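Worksheet: one structure, shown below.
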Amino acid sequence: MNPSQRPVCVLIAALGGEGGGLLTSWIVDAATACNLPVQSTSIPGVAQRTGATTYYIEIFPQPFDQLDGSDPVMGLYPAPGRVDIMVASELLEAARALENGFVTPDRTTLVASTHRVYAISEKSNLTDGRYDEESVQNAIAELSHQQYCSDFLIMAQQRDSALNAVLLGLVANTKQLPIPTEAFVDAIKDRGIAVDSNLRGFQAGLGWTPGREKEIDEPVQSVPAGLPDSLQRRVDALPAVLTDIVRVGAARVMDFQDIEYAELYLDRVDKVTAIDSAKREYALGRETARYLALWMTYEDIIRVADLKSRPERYLRVREEIQAKPHEPVLINEFLKPGVDEFAAVLPEKLGRSLRNKRDRLRWLSFSLRLGSHTILGHLLMRLLAGCRRWRRKSLRWQEEQALIERWLDAVCRAAEKDYAFGLEAVLCANLNKGYGDTFARGRGNFLRILESLIESPLRSESLEPDIATRLKSARTAALSDDTGAVLDAALPENVAVKPD
Amino acid sequence: MERSFAREVKSLRLGNGDVFHGEGILAITKALLQSGVSYVGGYQGAPVSHMMDVLADARDLLDEMGVHFEASASEAAAAAMLGASINYPMRGAVVWKSTVGTNVASDALSNLASAGVVGGALIILGEDYGEGASIIQERTHAFALKSTIWLLDPRPHHATMVNLVEKAFELSEVSNTPVMVEYRIRTCHMHGRFPCKDNQRPTLSRKALLEEPAFDQERITLPPSTYSQEKAKVEKRLPAAIEFIREHQLNEVFDGDLTELGIICQGGLYNSTIQALQHYGLADTFGKSRIPILALNVTYPLVPEEVTGFCAGKRAVLMVEEGNPDYLEQAVNVLLRKADLNTRIHGKDVLPQAGEYIAEVLLKGIGRFLEKASPAGIDTGGLNDSIESAIHAKTRAGELLAGPVPKRPPGFCTGCPERPVFSAIKLLEKEIGKVHIAADIGCHTFSTLPPFHIGNTVLGYGLGLASSAAVSPALPSRTVSIMGDGGFWHNGLTSGVSGALFNKADSVLVIMDNGYSSATGQQYIPSTGVNYQAQPTGMTIASALKGIGVRWLKTVETYRVGKMMRTLRRALTTTKPGLKVIIAQSECQLARQRRIKPTVRKKLADGKRVVRTRYGVDETTCTGDHSCIRLSGCPSLTIKPNPDLLRIDPIAHVDNNCVGCGLCGEVADAAVLCPSFYRARIIQNPSRWDIWLDRLRRRVVFNTDATSSGSE
C-alpha cells in the first residue's frame, strides 16, 4: 500500500435521460471486477427531467488485496484541478465543465461529443440565440491535456448504438483508467442492457482516433435552381461576391411567381447595388438581396400549399422521420388559416371588406388536418397553389409591394447619407417573419422602427452620428422579447404606429 | 411504476460472508433488515425514493421475514406509524425527503418523541440540500433540537453507515427516544461496498404476534403525562443517550501530529474535509491526517467530555458544519466556555454561512483557517498560490468562453401531459390578461421556469389551492390553482378542496391527473387504480371531489389545448359561484413509454402492423421566429441550422425523440401560429392493403414509383 498514490478521478456530465447513470455503472462494475476500490456518486434529482447533471467516480489504482485492509478515503465531489477524465455528452456540457474549472491542462483528458443539444434559452430566442461554439473549441484546445472530441452522437447513430456506449469505449480508449478493455466488455454483458448494440458503440469509441472521424456535416444548402439565360446574364453582370446569393434569390422569386417577378427582384437589387461599394464588400447589396428575396416570397396560403404539395417535400419528410422505403407514410398538415389569411389572397376590395368583418367571421378559421398524402388532399393543395395566377390582384400582394418599395426607398436614401445606417435599415426586414399574431407583431414593430428611426430622421436636416447604433439597438430590442416591452423602451416616445 | 428492481432486491438477500455492492440508500435498506426491523413505512422523494421502490418490489422477501411494509399516504402518516414502537418492543423505520417531509411529519414526531419509545424507532432522512436539490434549503437539525430526537449524520462509508443503523436502533431503545439519521444527496447515491451479515427476523412481526395490546398512561401525550415526559427527556433519556454514544464510540477521533490544531466535522462532511486536506498535503489517501479530526457521526446530542477532551490543549479548532444556523458551532462554544477552555473555534468566519460545502468551498475555507491559525511546521505563505493554481483553469475558462454557459433548468419531459395545460394557460393569458396562478409541488412546478414562467407562488406539497385563499378575494379576476394528483391525495383534498368549499371560495383549481406520483419516480398513488399488492383500489379523484361536494367539475384530456383553453375560459368567466375544478387527465409519458415500448418492440419483431406517429416542421415554411418553442419547451422541439442559403436564423425542428403527443401541432392550431407543423404516421409492417393504397397514392400524387422513393 502506497499512501501517496491517488485515485483516478472521472467526472461525467450529461443531460437527464441520456444514460449517464448506466455509463457510470459500467465503469464501476468494471473497476469492481478488477477488485479495485471504487466509489461513485451522482445528483440525479430534478435534473432527471431534462436538466444538466453530473456523475463522479474515483477509482484507486491498487487492488484491495494489496491494501492490508485499509480503505482509501474517496471524495464525493469533483475538485477543480483534480479531474483526470472529464466526459461530456454534449458540447455545452463540456463548456460547463470548463467554466467550473474541472478541465485543467496538466491533468484532464477531455472526452466530449461536440454535437449540440440546445438549451431552452438558445431555442426560444426570437432570432439566433445559439452559444458561440468556437469559443468552446478554443477553451478546450487551451485547457485540456488531451482531447477525444468529435460528434460521437452521429457515430452512435451510424452504428445503431447509444451515445453512452460510445463514450465508454472512448474512456477505455484514453487508457487513463487502471482497467483492461475486457473488463468494460464484461461489464456491458453483465448489465444485460441492449448488449449487442452497446458493444457496437463501445468498439466504435475504443477504435476512434482523432481526425479520422467525419466532421459534422455542414448543413445542406439548397441547390440554387437554374435561371433562364436572360436572368442569368443579369446576375452575372453583378459584382462576383453577390452572384451566388442573388441567383438563389432570383430563382426563389421566380419559383414564387414568374419570370417577370424575378426581373422586378433584379431591378430592385440593381437599385441598391448601384449605391453600394466594393470597399464595403457589397454588404448592403448582399443583405438586400437576402431579405428582399425572402420578403418578395412571403408565405401566403398559396405559397404554403405549393411548398407542401411538392414531391421533394414528400421525400424530405420521409427522410426526416426515418421511414424505411417500403413503409407507407401518412402526412397530415396542421393548417388553421384565419380570416386575415383568407383576406390576404382575395382581390383587394373583397379582401378589405372581409378583414373589416374579422370579428364576425371568426368561424371561418377552423382547424384543418389536411391529409396531404391522400389524393383528394393533394388535389386541394394543388388547387390552392394554382391560385397564384391571380395573386397579383390580391390584397396582400398590393400591400407587400407598396411596403417593399417604401422600405427600399428608405434604405437607399439612408445608405447614401450613412452606409452603416443603410445597412441597419436593410437588416430590419428580418422583423417581418412568422405567421398570424407573430407576424402581425413583427410587422407592427417593423413599421414603428421604419417610421421613427429611419424615415423620420431622414426627413430632418442632418443625421445624428449614432443613428445606425440606435437603429441596431431598436432592432435587437424588438427581437429580444415577444411582448414588445423592450422595444417600447428603446423607441422615441411619440411613436405609435399600430399594426394593421 | 413499471420499472423492475430485481437486481437490487437480490442484493437485499445477501448473507454472512457476502459483499454488498451498491448505492448508499440501498445499503441502508439492507442494514434495516440486518437489524431485525419489524415494519417500514415512508413517503417517496429524492434522494430516498429508491428505498421505497426497492422495498415495494421486495414483497416476497419481506413476507418471508414477516416485515410489514407500507407506502404511507404522507410523511405524517409514516411518522404516526412509528407509534407502534411506543408500547411494543418493535423496531421500526420510516423514510422521507427532508426537510419538507419532516415539516409534514412534525406533528406526529413531536408526539412520538414526547411519549418515548420502547422499540427502536428510526427516521431515515434524505437531506435534499445543495446542488441537485429541489426544495427550500433548511436544516433538519432544528427538528432534532426542538423535539429531542437524536440526530445521526454518518460518515460516507458503507460499512460505517450500516453499522450506525444497527447502533441507532440500540441507541433509540436504551434512551427511549426516536433517532433521525440524515444522509445527503451524494451519500444516498454513493456506490460502495460492505461485508454483509444475515438478515434478522424481527422478534415481533406478522409471524410472531403480540399477545395483547398494552396500555400505559405514561405514554399518552396529554397532561399530566406530558410534564413527566418533558422531564424524562432531560433527566433520563439524554444522559442515557450520551452514555451510549460515548461508550460505543459512535463519534470517531482521528489523531494527527499537529496537535495544536483540530477539526470537528459533521460525519457527512468527513470525506470532503479529507479531500481538502489532501490538497494541502496534510492528509494521505487513506485519510491519515496531520491535523487531528473529530468526526461527529452523532450531531445531536453532543457528548460534552468528547468535545472538551478533543479541544483541550489546542490553540484553534475548525468546526466544519454545513447550513445555517450554526447550531454545532454555538454548542461547541458553549461547552468550551463551561469547561473554561480558551481554544479558539473557527467555523462560519472562514466558511460560508449558507450553501453546500462543495470541494472548492472547503478548499478555500480550510485554507483560510490554516492562514488564521498558522500552525508551526506549515508554510502558510504558499496557501494562496495553492488555491490559485487549483482554480486557475476556471478563471482562464471564464476569459476564453463567450459568456456564461446557458443554464439547463429542468423541464417537462418529451411528450409530458402537463405541458399542454401550461401552453393553454399561456395562450389564454394573451387573450384575457394575466391571471394569478398558485403553483404547487410536483413536475408541474417546472411551469415556473422557462419557457412558461407560469406560477406566482409555491407554498408546499398539495397546498396550491390553500395558498390562493387570501389572493382570490383581493383580485378582480379569479385565481387558478394547480395541484398534482400526488399532492391532492397527500393533503390537497382536505387542506385545499374541503377548505375552499367550506369557505365558499370562488376560484379555479386544475388537478393534474397523470396516474402516478411522477416527480419522485412514478410511484403508485390512490388514483393509480391499483396498490403495490396489485389489488384494485377503486379510488378516483373525481369521485372524491363529488363526494365532498364539488359541483362544477370537468375532466379534460390534457393534449386538447383548444378544449383546455375553452374549459379554463369558462371556469374563469362563468357566473356560477364556488370552486370550479378541472381534472387535466393523461398518463405520465415516462410511465407510458416504459409500459408500451416493450409491447411495440415485440409487435414489430412478430411482424405485426405498428403505426409510429411523430411530428415535424417544414423547413421551407418555417421562418425561424421560434414562437412555437416559447409555447412548448418540449425537449424534442428544438432548432437546427437553417438549410436555406437566404435565411440566417436557425429553424425549428422536431428531433427523433418525438413520441408523437401532438402538442406542437395543437399549439400551432390553437395559437394560429404557423402552418409548418405536420403529423407523420409511419406504418411499420404494413398490410397488403396499406401497400396497395400507398402505391396508388404515390403514383397518382407524385407520379413516382413507391419502391424507388423514400430513403434509408
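The values are calculated or read from the model by the stated rules, or taken from the named source; none is laboratory data. These numbers come from a predicted model, not from an experiment. Using ideal geometry, Cβ is built from the backbone for each residue, glycine included, and neighbour counts are taken over all protein chains shown.
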B:S477 vs. criteria in a helix (DSSP H, G or I) and over 24 Å from B:F5 (Cβ atoms)
no
The stretch A:297-408: helices (runs of 4 or more DSSP H) wholly inside it with 1 or more residues that are within 30 Å of A:E424 (Cα to Cα) are A:301-308, A:339-345
Do you know which of the residues in the stretch A:322-331 that are under 26 Å from the mean Cα position of the chain (by Cα) and surrounded by 21 or more Cβ atoms within 10 Å (Cβ to Cβ) is farthest from A:R391 (Cα to Cα)?
A:A323
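Just for the stretch A:324-360: of the residues that are touching a Gly at 6+ places or on another chain (Cβ under 6 Å) and within 9 Å of another protein chain (Cβ to nearest Cβ), which one is farthest from A:R392 (Cα to Cα)?
Residues of the stretch A:324-360 that are touching a Gly at 6+ places or on another chain (Cβ under 6 Å), as a first pass: A:325, A:332, A:334, A:343.
Subsequent filtering for residues that are within 9 Å of another protein chain (Cβ to nearest Cβ) retains A:325, A:332, A:334.
Working: A:P325: 41, A:N332: 29, A:F334: 27 Å.
Going through the qualifying residues, I end up with A:P325.
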All strands (runs of 3 or more DSSP E) inside the stretch B:508-624 with 2 or more residues being within 32 Å of the chain's Cα centre (by Cα) and free of Cβ contacts under 8 Å to residues at least 60 places away in the same chain:
B:552-557
Exactly one of A:A385, A:A415, A:A343 is more than 13 Å from A:D300 (Cα to Cα) and crowded, with 18+ Cβ neighbours inside 10 Å, and that one is A:A415
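Scan the stretch B:34-64 residue by residue and report those that are of a type in the set (S, T, N, Q) and within 16 Å of B:L82 (Cβ to Cβ).
Correct list: B:S35, B:S38.
Please go through the stretch A:116-154 and give me each residue that is facing another protein chain (nearest Cβ under 7 Å) and of a type in the set (A, V, I, L, M, F, W, C), ordered by number. Working first, answer last.
Step one: list which residues in the stretch A:116-154 are facing another protein chain (nearest Cβ under 7 Å), which gives A:118-128, A:130-132, A:135-136, A:138-139, A:142-143.
Across the stretch A:116-154, the qualifying residues are A:A119, A:I120, A:L126, A:V136, A:A139, A:L143.
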Which condition breaks for B:T273 when tested against (1) in contact (Cβ under 8 Å) with a residue 60 or more places away in the chain; (2) surrounded by fewer than 24 Cβ atoms within 10 Å (Cβ to Cβ); (3) within 22 Å of B:H157 (Cα to Cα)?
(2)
Evaluation of B:N657 against (1) more than 7 Å from chain A (Cβ to nearest Cβ); (2) in a strand (DSSP E or B); (3) surrounded by fewer than 21 Cβ atoms within 10 Å (Cβ to Cβ) (one fails), failing number:
(2)
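Within the stretch B:359-379, can one find any residue that is among the aromatic types (F, W, Y), away from chain A (no Cβ under 11 Å) and in contact with a His (Cβ under 6 Å, 6 or more places away or on another chain)? Walk me through how you get there before you give the answer.
Going residue by residue through the stretch B:359-379, those that are among the aromatic types (F, W, Y) are B:369.
Going one step further and asking which of them are away from chain A (no Cβ under 11 Å), we end up with B:369.
Checking which are in contact with a His (Cβ under 6 Å, 6 or more places away or on another chain) leaves us with B:369.
Yes - at least one qualifying residue is present in the stretch B:359-379.
With the condition being farther than 21 Å from B:S289 by Cβ, I'd like the helices (runs of 4 or more DSSP H) fully within the stretch B:322-408 carrying at least 3 qualifying residues. Give the steps one after another, and end with the answer.
Working: elements: B:327-338, B:359-373, B:383-400.
Qualifying helices (runs of 4 or more DSSP H): B:327-338, B:383-400.
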Given (1) surrounded by fewer than 20 Cβ atoms within 10 Å (Cβ to Cβ); (2) part of a loop (DSSP other than H, G, I, E, B); (3) of a type outside the set (A, V, I, L, M), B:R699 misses just (2)
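Considering only residues that are farther than 17 Å from A:C412 by Cα and surrounded by fewer than 14 Cβ atoms within 10 Å (Cβ to Cβ), which ones fall in the stretch A:260-278?
Selection gives A:E260 alone.
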Quick one: A:V73 ticks every box in (1) under 21 Å from the mean Cα position of the chain (by Cα); (2) farther than 24 Å from A:G19 by Cα; (3) facing chain B (nearest Cβ under 7 Å); (4) part of a loop (DSSP other than H, G, I, E, B) except a single one, so which number is it?
(1)
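May I ask you to verify whether B:G455 is touching a Phe, Trp or Tyr at 6+ places or on another chain (Cβ under 7 Å) and part of a loop (DSSP other than H, G, I, E, B)?
Judged against the criteria, B:G455 is not a match.
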Picking from B:V95, B:V40, which residue would you name as being within 16 Å of the chain's Cα centre (by Cα), hydrophobic (A, V, I, L, M, F, W, C), away from chain A (no Cβ under 14 Å) and in a strand (DSSP E or B)?
B:V95
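Restricting attention to the stretch A:97-106, does a residue exist that is closer than 29 Å to A:A194 by Cα and either buried (at least 22 other Cβ atoms within 10 Å of the Cβ) or more than 12 Å from chain B (Cβ to nearest Cβ) (or both)?
We begin by selecting, within the stretch A:97-106, every residue closer than 29 Å to A:A194 by Cα; these are none.
So far as the stretch A:97-106 goes, no, none of its residues is closer than 29 Å to A:A194 by Cα and either buried (at least 22 other Cβ atoms within 10 Å of the Cβ) or more than 12 Å from chain B (Cβ to nearest Cβ) (or both).
Output the residues belonging to the stretch A:263-281 that are part of a helix (DSSP H, G or I) and more than 14 Å from chain B (Cβ to nearest Cβ).
Scanning the stretch A:263-281 gives A:E263, A:L264, A:L266, A:D267, A:R268, A:D270, A:K271, A:V272, A:T273, A:A278, A:K279, A:R280.
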Suppose we keep only residues that are out of contact with any strand residue (DSSP E or B) (no Cβ under 8 Å at 6 or more places or on another chain) and β-branched (V, I, T) within the stretch B:1-46. Which one would you say is nearest to A:A31 (Cα to Cα)?
B:V9
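I'd like to know if the stretch B:82-89 contains one or more residues that are over 30 Å from B:Y524 (Cβ atoms), more than 14 Å from chain A (Cβ to nearest Cβ) and part of a loop (DSSP other than H, G, I, E, B).
Our first condition is that a residue be over 30 Å from B:Y524 (Cβ atoms); within the stretch B:82-89, this holds for B:87, B:89.
Checking which are more than 14 Å from chain A (Cβ to nearest Cβ) leaves us with B:87, B:89.
Now drop any that are not part of a loop (DSSP other than H, G, I, E, B), which leaves B:89.
Yes, that holds for at least one residue.
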Within the set of pairs 6 or more residues apart or between chains, which connect a residue that is assigned by TED's automatic domain parsing to the domain that holds A:R388 inside the stretch A:334-362 to a residue that is of a type in the set (D, E, K, R) and surrounded by 21 or more Cβ atoms within 10 Å (Cβ to Cβ) with Cβ atoms less than 6 Å apart?
A:F334/B:D669; A:K336/B:D669; A:A344/A:D300; A:V345/A:D300
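Of all residues in the stretch B:43-77, count the ones that are aromatic (F, W, Y) and either within 14 Å of chain A (Cβ to nearest Cβ) or surrounded by fewer than 22 Cβ atoms within 10 Å (Cβ to Cβ) (or both). Walk me through it before giving the result.
Within the stretch B:43-77, the subset aromatic (F, W, Y) is B:43, B:69.
Still in the running and either within 14 Å of chain A (Cβ to nearest Cβ) or surrounded by fewer than 22 Cβ atoms within 10 Å (Cβ to Cβ) (or both): B:69.
Qualifying residue count for the region: 1.
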